[in-house]
Structure formats: C-alpha cells, structure tokens
Amino acid sequence: MSNLLRTVEAQSRTQTRTNPTRPNIIIFIFDALSARHMSLYGYQRKTTPNIDRFARTSTIFHQHHAASNYTKPSTASLLTGVLPWSHRALGYYSALLEFYDHANIFSETISSFYTLAYTHNNLALNVLEEFAAHINLLKPPQDLAAYDPDKLLGVFRNDYSMGSYAIEEWSGGGFLGPSTSIFMNPIVDIVQTLASSRVLEVNKKTYPLGLIVNGYQDLLKLEDAINWIAQCSTSTPQPYLGYFHLLPPHEPYHPRADFVGAFSGDNLDLPEKPTSYFSEGHTQEQLKQFRDLYDDYVAYADSEFGRLYGILEKNGALDNTYLILTSDHGQLFERGIHGHGVTLYEPVIHIPLIIHAPGQSQGKDIYSVTSNTDVLPTILQLANQSLPNWLEGKPLSIHAESGEAERFIFSMDGLRNSKFKPLTKATLSAIQWPYKLNNYRGYPGYDNVDELFDLGNDPEELNNLAASRPTIVAELKNELKKNQIIAEKKSIGSSINQD
C-alpha cells in the first residue's frame, strides 16, 4: 500500500478529533529564504514588509541557523529535532534511518493533534512520505497544480514519487522496452509539451517568467497554496498541526508581474566577497542579476504571506493558533557561487524564525544562537508534550532570552557521503557566538581547511581569523569532532573507525 493511501486511511480514522480549547500549530516554510535577504533582519531592500508587520507582535529569533544548506537533510532535521549526522538523510533522496519513521514531529503529536502537510518541493515531500503513517492528511502537490503531467495521463494517482519516476522510465523504454519507447516517447512528449505550453500561455500576463516548477514538472501557483492553507485554518479538525512547505523563493525565480524588477536601479550597496575555492565561475554581474530576481521573488512571496496573515487575522484563526514562519535553508549570491553550493556561509544557513503565540500583542527579540533542530522541541513544549530523549535540539522560550551560556550550533553539507559510514568528504560549521568555524574536509586540494569568522564584528565573513586565533579554532573543531563521533556511534554503530 502506498504512503498516500495509508494517509487516507489514517485521515478516516481520526477525522472526528476536535478539542478547540487547545491551540493549533501552523509551521509555514518558504523554501530557500535567507534571513540575509529580509528587511526584517536588516537587509537594505524592503523585501519583507508583510513579514515585518507580522513580526511586530511575534517573537523574532535573530540568529537562527539551518542544519544544512539544502532541503532534504535540513527539512529532516527540522521535523526530527536531530542533526543530519544523526538522521543520516544526507543525499537528495536518501531515506532517514528507520528509527525516525516513528520519531518525528507528527508521531510525537499524533495522540493530541490532527496532522496535515503539503509541499511543492519534491525533496521535502520525500521526507514527509517517510512520516506518512503519522500524518492524517498529506496532500499531494499535484492536487493544487495548474498542470500535472501524471494527471494528464490519468495514472499513478496513489504514489506520486514512484509515479513520476515511472513516467520517465515508461517514456524512455525503461521497463516496456526500447521498441515501445520509440512509439510512446514522442507521444508523451508532444502531449505534455502542448498542455504545459497552453497553461503557461494562459498565465503569461500575470506570471511572465513562468509558474512554480517542482521536481515532478508540475506547474503551480503560490496563490492556490495560500488559498488552500487559509481554507484549512477553518475546516480542519482542532487542534491541528499543519506543516506547509512552499517552494518560493527557491529558483527558478518566477515572481508575479507586479514584482518583476521591483528593485532594479536601487543602488544596492554590498561588499564584494573574495572568490571561493568552490566558485562555480559566476561573475559579479551574473550574481547581481540572480540576486535582483531572487529579491523580487522574496517580495512576491512576502506579499502572499501577508495575504494569508490577513485572512487568519480576519477569520479569528490566530486567536487559538501558534503561527511559525521559518525556512529550510538560505541562498548564496557571492564568491562565484549561486544557490547552495558546498559552503556554509551565513546567507545559506542563516534563516528566519518568527513565532506568533495566540493573543500575542507585543514583539520580542531573541538574539541567542539557535538551530532548526530546536523547532520540534519548542513545539512539543508549546503543546505541553513531553520531550523524548533522542532530541538534539532544545526548546526555545518565546518570551525572553533563556539566560544560558552561548551554546554550540552545528550545520553541515554531507551530500557526498555514505549513509552508513562516518563523514569523509564534507563541510561542517560550528558556531559559538560570536565565533563561527567552517571546516572543509576530504576535498582534493582543500582538505582540512579552516575558516574562522567573528560574526559580531564581521557579519559578512570577510576576514578569516583561523591563523591568528588557533585556540578558538581548536576548541570549535573539538566540539565538532566530539558531537559527530557521539552521533555516529548512536546512528551507524559503535564499531566505526574514527581515525
């Protein structure tokens, strides 16, 4: 039985749950939203006026960091409360360790909350499908698609991930044979091209650069997802936990027409960064063009969040709902790199976290360093649930600074590693405010290279202090090694070679 079929069965078993006296929880994700591109966090461009308004009566975490620089591991960390070196979903489509199929945000709240989830992002969906046994309603992306190639052919309605793969295999002769593909491939291509072209043409005036495109080649509109989420706020059995992970402002950057060129010619003044060893060869002019379009897309996404926030205010949903806005990772437009890359500079791991509590009327500012592994324990605390002992994140106070000493926060890019072996080729980051260490290991010509930055005095990470502060480098590297070894012994066995 597919995950989505199991979801439908779970929904039918629990459809009648209702206890409106307990607050609901909405987790709202804008994919690849960098805090460094938000006016809320000091960006020069007014990219997020609606989120700024939302934050005036919410708690803002100013130094919140992603556990990784790409979707699969960081989303998995948010939903499990552990770092990638523990859950081991390191690759784009790597499965988490089986333990986390039943140790995640949905399994920990299932006895008290109706759970529902939706995402545009196929990598985020890949995580959610692993937790589907504990999600009452996991809405398939194509349900909100303006164009869905699988729906066009009328097949594979019950297993979206496998269906998309099957279409590729079918049209390419993978399991019907190359002779069949000679006939089927042109037919599939022609029908899908005509249908998608028609959808894009109809919407060209409003979306001149195109619609949202996910990994399954669906064409989607942000407005449709916002409308559905707003509808869920009044139609879902209460209390509910909703996880909504939308693709904007992730590339390709397709802002609505009224936001295209919103910041052109505004004389944005940013320091030029040195070229990274991992440069992809992008020129400063190319990076500027990418940045401008991304900022347009951020502003468009912000406007739709503002519309959702207004609906939730008007229909009274916020009177009994925690609304949490965050991201899975950021985006990079510097050092010759566009997107995620293998580096862990602040634009790609410094992400927003804003929490609005029911009835909250004043804003709060939290400046302690936090991790997206803290989201799950924080939600459990807000829901008066016990904290399981496998959590690596910590519950955050939404009322005031905790007063604890600055803790260590870790992030990593471990894409090029085996799920069942220690990390050998990776980028790892450790932050204990104000210092941040980036450690590169296993890269040919760049093995065991360190970068140390003082984020308090050098937020743009321009001055590498590794050579002049060896004691601090050693302390941060020791914390990295200690925590990595502990996690890997638990997750992939105590017999691994640590040398």
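The values are calculated or read from the model by the stated rules, or taken from the named source; none is laboratory data. These numbers were taken from a predicted model, which means no experiment stands behind them. Positions of Cβ are generated from backbone atoms using ideal geometry, with glycine treated the same way; all protein chains shown enter the neighbour counts.
Is it true that some residue in the range 71-82 is under 18 Å from Lys425 (Cβ atoms) and surrounded by 22 or more Cβ atoms within 10 Å (Cβ to Cβ)?
Yes.
Can you say whether Ile51 is at pLDDT 95 or above and either over 23 Å from Lys489 (Cα atoms) or crowded, with 24+ Cβ neighbours inside 10 Å (or both), as far as the supplied structure shows?
Considered against the rule, which asks whether it is at pLDDT 95 or above and either over 23 Å from Lys489 (Cα atoms) or crowded, with 24+ Cβ neighbours inside 10 Å (or both), Ile51 comes out as yes.
List every residue pair whose Cβ atoms lie under 6 Å apart, where the two residues are 6 or more positions apart in sequence or sit on different chains, the first residue falls within the range 384-398 and is closer than 16 Å to Ala66 by Cα, and the second residue, located anywhere, is at pLDDT 90 or above and surrounded by fewer than 18 Cβ atoms within 10 Å (Cβ to Cβ).
Cβ pairs passing all conditions: Pro395/Gln381.
One residue is enough: does the range 303-319 have a residue meeting the conditions within 21 Å of Gly339 (Cα to Cα) and either surrounded by 13 or more Cβ atoms within 10 Å (Cβ to Cβ) or out of contact with any Cys (no Cβ under 7 Å at 6 or more places or on another chain) (or both)? Step through it out loud before you land on a result.
To start, the set of residues in the range 303-319 that are within 21 Å of Gly339 (Cα to Cα) comprises none.
Checked the range 303-319: no residue is within 21 Å of Gly339 (Cα to Cα) and either surrounded by 13 or more Cβ atoms within 10 Å (Cβ to Cβ) or out of contact with any Cys (no Cβ under 7 Å at 6 or more places or on another chain) (or both).
Looking at the range 221-243, is at least one residue on the phi > 0 side of the Ramachandran plot and either among the hydrophobic types (A, V, I, L, M, F, W, C) or at pLDDT below 95 (or both)?
no
Return the residues of the range 218-253 that are part of a loop (DSSP other than H, G, I, E, B) and either among the aromatic types (Phe, Trp, Tyr) or touching a Lys or Arg at 6+ places or on another chain (Cβ under 6 Å) (or both); say none if nothing qualifies.
Start the filter on the range 218-253 by keeping residues that are part of a loop (DSSP other than H, G, I, E, B), which leaves 218, 221, 236-239, 247-253.
Result: Pro237, Pro239, Tyr253.
So which helices (runs of 4 or more DSSP H) stay within the range 98-212 end to end and still have 2 or more residues that are closer than 30 Å to Asn372 by Cβ, among the aliphatic types (A, V, I, L, M) and modelled with pLDDT of 85 or more?
Values: elements: 105-109, 122-130, 149-153, 160-172, 178-202.
Those helices (runs of 4 or more DSSP H) span 122-130.
Given the criteria more than 17 Å from the chain's Cα centre (by Cα) and not in a strand (DSSP E or B), does Ser86 qualify?
Yes: the conditions hold for Ser86.
Answer yes if at least one residue in the range 479-499 is out of contact with any helix residue (DSSP H, G or I) (no Cβ under 8 Å at 6 or more places or on another chain), buried (at least 16 other Cβ atoms within 10 Å of the Cβ), among the aliphatic types (A, V, I, L, M) and in contact (Cβ under 8 Å) with a residue 60 or more places away in the chain, and no otherwise.
yes
Determine which single condition Asn267 fails, assuming it passes every other condition in (1) modelled with pLDDT under 95; (2) touching an Asp or Glu at 6+ places or on another chain (Cβ under 8 Å).
(2)
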